[in-house]
1. Summing -39500 (n - 2.57) over the DSSP H runs of n ≥ 4 in the chain and dividing by its residue number, what mean residue ellipticity at 222 nm do you reach, to the nearest 500 deg cm²/dmol?
2. In degrees, nearest 10, range 0 to 90: what is the angle between the Cα axis of helix 177-188 and the longest Cα principal axis of the chain?
3. With an 8 Å Cα cut-off and a minimum separation of 6 or more residues, compute the relative contact order for the chain in percent.
4. Ranked highest first by average number of other Cβ atoms within 10 Å, how do 202-209, 83-90 line up?
5. Is the C-alpha gyration tensor of region 72-227 telling us rounded, prolate or oblate? Criteria: a/c under 1.5 is rounded; beyond that, a/b larger than b/c is prolate, otherwise oblate.
6. Does anyone have the angle between helix 200-209 and the longest principal axis of the chain? Alpha-carbon axes, 0 to 90°, nearest 10?
7. Is the shape of region 259-336 best called rounded, prolate or oblate, per the rule: a/c under 1.5 gives rounded, else a/b larger than b/c gives prolate, else oblate, with a ≥ b ≥ c the square roots of the Cα gyration tensor eigenvalues?
8. Between region 39-89 and region 141-217, what's the alpha-carbon centroid distance in Å?
Amino acid sequence: MRALRLVADRQLELVDLDAPPPPGPGEVQVRVRAVALNHIDVWGFRGMAFAKRKLPLVAGAEAAGEVAAVGEGVAKLAVGQGVAMYGALTCNICPACRAGRDNLCENVGGILGFHLDGFARELMNIPARLCLPVPDGVGMVEAACAPITFSTVEHMLFDNAKLERGEIVLVHAGGSGIGTAAITLSKAIGATVFTTVGDAEKAAKAKALGADHVINYREERFESIARRLTGKRGVDVVFEHTGADTFNGSLLALRRGGRLVTCGATSGATIQLNLMQLFQQQYRILGSFGASMRNIGDGLQKMALGLKPIIDTEVPLEDFAQGLERLESRRVFGKIVVRL
Ligand SMILES: [Zn+2]
């Protein structure tokens, strides 16, 4: 079977691997159909000195496929069922796992596609408990955007920032995979969305996606616009993932007592923070990483109701590296998905 392996930093290789053995007890064998690309793939691709992992490593951190075989003791999934797969090997027994807070697992065995072999292969065995059924009306490419993209946004906006109907959220990088999902999911609950983009073409697309106000961050200071649009009050929530370039501006864009939720630092990981401003303005800064199984299920249900992820490009497995380069260059609007 075909698989795509990272063999060295920035070096992916399409290889022919032996198909996996029949699934063991509690496992299913999945025929992977679509792998969505994320910044975690870009980090993996560039190489991270501190990451504990061994190369070669099968790439791909977010995926959907179809059940091809069912192991002993698996009752909830049948052959042919579409599934979206959780991308971290959680333990299922620690207090966090038992409480359904999967992304706080105390004994996590690693992230697939980053620490452990990932999803960019035709067949794989995976614990059935990490598979969520794909509802009717949701295609494989869309479902592949549930385990990280939609679920991360669900977790950030609703579990962490507790965004509510009628509130104003500023979404950074509205053309990115999670930016487009954040616009869609915020609008769906009746929030007002401001978003930042880097060019006029993306501005038009973000507007078409439902953003109420689009700011070209190359032409205008987003924090000034956000304050002006709210009569100097500031926004309720900032959806951060850009990091160093925007973080302090994001705080300035917040109202007193506002919430900043962040899951990324693509422009840089270190900032200076004014603690006086932090406590006087009573900001709440929330770190968010990954999501729970429940968030993935919620994302899939929303997709079934018509809230579809925006797909920038679909590429075949052999073009995985070009997809990553496109993602890294930020020339995207929505998700890049690899088809198998
Ligand atoms: Zn656990």
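Read-outs: derived from the displayed coordinates by stated rules, not from any lab. Since the structure is predicted, the reported quantities are computational estimates derived from the model, not experimental observations. Reconstructed Cβ throughout: ideal geometry from the backbone, glycine too, with neighbour counts over all protein chains shown.
1. Details: 11 runs with 84 residues, N = 340.
Helices in the chain give a 222 nm mean residue ellipticity of -6500 deg cm²/dmol.
2. Between helix and principal axis, roughly 70 degrees.
3. Working: 802 pairs, mean separation 64.1, N = 340.
Reported relative contact order: 19 percent.
4. Numbers: 202-209: 18.8, 83-90: 25.0.
Going from most to least packed, we get 83-90, 202-209.
5. On the way: a/c = 2.29, a/b = 1.96, b/c = 1.17.
It is prolate, given that a/c is not under 1.5 and a/b is the larger ratio.
6. Value to nearest ten degrees: 80.
7. Numbers: a/c = 3.02, a/b = 1.51, b/c = 2.00.
In terms of gyration-tensor shape, oblate.
8. 25
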